[in-house]
Amino acid sequence: MKQHQTFSLVLFIFLIKITGVFGQSNSSNQDLNEIVDTDTKRLVEMFEDIHSNPELGFMEVRTAAIVAKELKALGFEVKTGIGKTGVVGILKNGNGPVVMYRADMDCNSVQETTGIAYANNKLVKNRSGEDVPAMHACGHDAHTTWMLGVAKAMVVLKKSWSGTLVMVGQPAEELGEGAEAMINDKMYEKGVPVPDYLFGMHTAPFPVGIISNGSGKRMAGMDVLDVTFYGIGGHGSSPHVAKDPILMGAAAVIEYQTIISRGIDPQNAAVITVGSFQSGIDNNVIPGSALLKLNLRWFNEQDRNVMINGIKRINESIAFAYDLPKELYPTLTMKGMAFPLVNNEVMVNKVNKALEAVIAPDKNIKNIPAVMGSEDFHHLVIHNPKPIYDYMLVGIANKEASEKATKEGKMFPFFNHNSNFEVDLSAIPLGVTLGTTALLEIFKK
């Protein structure tokens with residue numbers, strides 16, 4: 001009886017398929033797979049090219065030109081130079097919602113050690129004019145490639161959706177400044193449609209084929225700030241007639257951590273990282289200043305205020321202890337920031353249901369805890385009346401490398417911002433399929 005029922009079900013499905021009423025979604029999936037398969041060689045070459053030519057925040061001139069050229073060729077109305085190097089492509093396709101897809105374009109100042117054939121070994125100049133290493137160690141090269149692949153697929157599948165598609169190539173995510181720079185440059189006043197929904201994807205060191213798309217708080221808030229300690233320079237042999245800013249900075253590095261251990265509720269997550277300590281040149285010279293580059297992570301604004309106010313008090317107390325005049329007290333410069341990223345539950349559930357055609361439900365880790373990593377993705381819409389968005393993590397690690405790491409007791413073969421961060425090339429077409437599937441579902445009423 002069970003075998004007969006199974007045979008009948010198979011026959012029923014077969015008959016429905018050949019009569020052409022099996023359902024638009026399966027037909028669309030078949031079309032999408034063919035579209036992506038046909039485009040994979042081009043996409044991989046594009047990815048390798050972008051990876052080989054990384055550009056730091058607000059310097060993504062070459063990458064932005066690629067994005068603009070590709071979107072124009074697909075028929076998008078393209079706006080460039082928004083927020084300095086940002087690119088927006090607009091494709092109107094009848095009545096329907098405005099859906100925005102965002103990809104960030106900048107790289108990290110990291111010396112690449114992957115050893116891959118298309119690795120970057122060239123130095124680039126940073127905003128201070130210094131020659132520094134550069135690497136796509138956070139997958140923004142994949143993000144940009146995914147976006148352009150999705151753009152092409154959506155054009156080919158125009159009969160399957162209706163509305164306005166907005167593609168955003170965003171600068172300077174790593175600085176925490178790019179999204180706000182585009183908003184402050186009057187992006188929406190310059191003719192970019194205000195989106196009803198915002199969607200994006202980020203590489204994660206999961207194995208290829210694993211994704212995470214959960215609702216609620218997904219990423220921490222972030223601040224990027226500089227602290228400069230001023231002293232009185234002098235000869236290394238005569239420290240008593242100088243005021244050593246290196247010692248002041250060193251004391252501050254240690255003291256900042258007491259804000260976390262003694263000022264923040266132990267059940268709350270918060271981080272203060274000093275990512276750079278720059279001071280002096282010669283062995284026998286006490287310099288006149290020391291620069292500390294800080295990064296804060298937090299999930300509520302009360303903890304954020306505790307950290308910022310604590311840093312200010314520590315800075316001033318150190319200056320007081322060194323008997324500095326007020327004009328030599330440390331300065332604090334607030335740079336980029338981002339609020340915690342909170343995915344919309346309804347949008348997430350809608351997208352996840354559609355993704356089951358691509359990724360099995362057990363491969364979508366929806367309940368992964370929020371991460372301390374941060375994003376400014378949502379700053380493209382948080383000031384709008386409808387700040388509805390979904391930001392998804394997509395595994396890009398080689399499966400064999402992931403299995404080896406697991407056997408060695410490691411969580412992943414690498415983490416974002418590691419010098420050996422490597423996007424497996426099989427993740428390129430998969431990301432395009434995921435992104436296109438999500439957008440087609442979001443456009444549905």
Condition (residue is part of a strand (DSSP E or B), under 22 Å from Ser52 (Cβ atoms) and in the same structural domain as Lys350 (by TED's automatic domain parsing)) applied to segment 166-186: is it met by at least one residue?
yes
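A quick yes/no check of all residues on (1) farther than 24 Å from Glu174 by Cα; (2) surrounded by fewer than 16 Cβ atoms within 10 Å (Cβ to Cβ); (3) at pLDDT 95 or above:
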residue	(1), (2), (3)
Phe22	yes, yes, no
Ile35	yes, no, yes
Arg42	yes, yes, yes
Met46	no, no, yes
Ala73	yes, yes, yes
Going by the structure shown, is Lys217 of a type in the set (D, E, K, R), surrounded by fewer than 23 Cβ atoms within 10 Å (Cβ to Cβ) and at positive phi?
no
Taking segment 403-444 and keeping only residues that are of a type in the set (S, T, N, Q) and surrounded by fewer than 23 Cβ atoms within 10 Å (Cβ to Cβ), one is left with Thr406, Asn416, Asn418, Ser419, Asn420, Ser426
Residues in segment 204-256 that are assigned to a strand (DSSP E or B), free of Cβ contacts under 8 Å to residues at least 60 places away in the same chain and β-branched (Val, Ile, Thr) total 0
Those residues of segment 388-402 which are surrounded by 16 or more Cβ atoms within 10 Å (Cβ to Cβ) and free of Cβ contacts under 8 Å to residues at least 60 places away in the same chain, in sequence order:
Ala401
Mind telling me which of the residues Ala172, Ala179 ends up being of a type in the set (A, V, I, L, M) and farther than 21 Å from Leu439 by Cβ?
Ala172
Restricted to segment 344-366, and to residues that are part of a helix (DSSP H, G or I) and touching a Phe, Trp or Tyr at 6+ places or on another chain (Cβ under 8 Å), which residue is surrounded by the most Cβ atoms within 10 Å (Cβ to Cβ)?
Val351
If I filter segment 114-133 for residues that are touching a Leu at 6+ places or on another chain (Cβ under 6 Å), within 18 Å of Val192 (Cβ to Cβ) and not hydroxyl-bearing (Ser, Thr, Tyr), do I get at least one hit?
no
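Matching residues to (1) at pLDDT 95 or above; (2) under 24 Å from Leu225 (Cα atoms); (3) outside the structural domain of Ile260 (by TED's automatic domain parsing):
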position	(1), (2), (3)
Asp282	yes, no, no
Val306	yes, yes, no
Ser317	yes, yes, no
Thr333	yes, yes, no
Ala357	no, no, yes
Lys366	no, no, yes
Could you list all residues from segment 268-284 that are in contact with a helix residue (DSSP H, G or I) (Cβ under 8 Å, 6 or more places away or on another chain) and more than 20 Å from Glu177 (Cα to Cα)?
Asn268, Ala270, Phe277, Ser279, Gly280
Any chance Pro287 is in contact with a helix residue (DSSP H, G or I) (Cβ under 6 Å, 6 or more places away or on another chain), in the same structural domain as Gly236 (by TED's automatic domain parsing) and either farther than 30 Å from Gly216 by Cα or of a type in the set (D, E, K, R) (or both):
no
Please work out which residue is nearest to the chain's Cα centre (by Cα), limiting yourself to segment 85-117 and to residues that are closer than 19 Å to Leu157 by Cα and in a loop (DSSP other than H, G, I, E, B).
Pro97
In the set Val132, Val150, the lone residue that is assigned to a strand (DSSP E or B) and either over 20 Å from Met372 (Cα atoms) or not aromatic (Phe, Trp, Tyr) (or both) is Val132
Can you tell me which residue is farthest from Ala270 (Cα to Cα) among those in segment 333-343 that are crowded, with 16+ Cβ neighbours inside 10 Å and touching a Leu at 6+ places or on another chain (Cβ under 9 Å)?
Gly336
Here is a check on your reading of the model: is Leu157 buried (at least 24 other Cβ atoms within 10 Å of the Cβ), closer than 30 Å to Arg42 by Cα, hydrophobic (A, V, I, L, M, F, W, C) and not assigned by TED's automatic domain parsing to the domain that holds Val274?
no
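The values are calculated or read from the model by the stated rules, or taken from the named source; none is laboratory data. Note that the structure is a prediction, hence the values are computed from the model and not measured. Neighbour counts are summed over all protein chains in view; Cβ atoms, including those assigned to glycine, are modelled from backbone coordinates with ideal geometry.
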